[in-house]
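Since the structure comes first, as structure tokens, the remarks are kept for the end.
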Amino acid sequence: MRTAILSDIHGNLEALKSVLEDLHTRNCDRIICLGDLVDGGFFNIEVIKLVQALKIPTIQGNHDAFNDCNLPAHYQNWLNDLPQEITEKDIFFTHISPRHSRNKISDQVEAWNVFSETTQRLCFIGHLHYPVLYGLRCEFFGESHCYDIDGGVYPLEPDDRYVICFGAIGYPRGGGAFIRYGIYDDRTHSLEFIKLEGYLLPYGR
């Protein structure tokens, strides 16, 4: 199965449409969204309606739970009811972190903490707005291996564990001014980090 993974749309409808159009060329079997649909751009309701119409399984992001968008109650209630995580066998999907503390996974030590406290082989996260790939196998105790990544395909070792963030659709932080999402292919056991040019929101939240 080829799973497209999206995150951090932040009301950027045009960027989301660009990703969905690009996906038509990628032969994916499904889409999962890791949250933060709203709060940043001007098309929060339109983003929610499009995700609902496509029936995309969606995780609740921190901006979905707490925002100043003044959404109509039924849209905010829908965001409030989104799950915090999706677990499938040895894969974990969440917005910030699978740890109870929900600390941002922005360094090699915090990624090691995730590996120490969880059992899943792959953990897909959003929230960071830039692409990262951490592997458990590392020469230093208490740290993880941080891969140097950008766009392209990265094979995964069958006996290692990983934390993966593909980056943001809404607006970038680090890694260049690109719309970013990714694909996990469990047949080839690989990740594809995809970056597109398009309309980006100003750097912010």
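In region 7-21, the residues that are over 15 Å from ILE45 (Cα atoms) and aliphatic (A, V, I, L, M) reach residues that are open to solvent by less than 10 Å² (accessible area, probe 1.4 Å) and in a loop (DSSP other than H, G, I, E, B) with C-beta atoms within less than 9 angstrom, at least six apart or across chains, in these pairs: VAL19/ILE9; VAL19/ILE169.
None of GLY152, GLY142 is on the phi > 0 side of the Ramachandran plot and more than 17 Å from the chain's Cα centre (by Cα) except GLY142. The residues of region 126-158 that are in contact with a His (Cβ under 7 Å, 6 or more places away or on another chain) and either under 14 Å from ALA111 (Cβ atoms) or without any contact (Cβ under 8 Å) to a residue 12 or more places away in the chain (or both), listed by number, are HIS127, TYR134, GLY135, ARG137, CYS138. Would you confirm whether any residue within region 7-18 is open to solvent by 50 Å² or more (accessible area, probe 1.4 Å) and among the polar types (S, T, N, Q)? No, the conditions are met nowhere in region 7-18.
Among the criteria (1) within 14 Å of the chain's Cα centre (by Cα); (2) under 29 Å from HIS145 (Cα atoms); (3) surrounded by 16 or more Cβ atoms within 10 Å (Cβ to Cβ), the one SER106 does not fulfil is (3). Screening GLY198, GLY170, GLY176 for residues that are closer than 25 Å to ARG30 by Cβ and either out of contact with any Leu (no Cβ under 9 Å at 6 or more places or on another chain) or part of a strand (DSSP E or B) (or both) leaves exactly one candidate, GLY198.
The values are calculated or read from the model by the stated rules, or taken from the named source; none is laboratory data. Everything quoted here is computed from the prediction, not taken from an experiment. So basically every Cβ, Gly included, is an ideal-geometry build from the backbone, and we count neighbours across all protein chains shown. Each accessible area value is taken on the protein alone, full model and side chains, heavy atoms only, with ligands, DNA and RNA left out. Shrake-Rupley method; radii C 1.70, N 1.55, O 1.52, S 1.80 Å.
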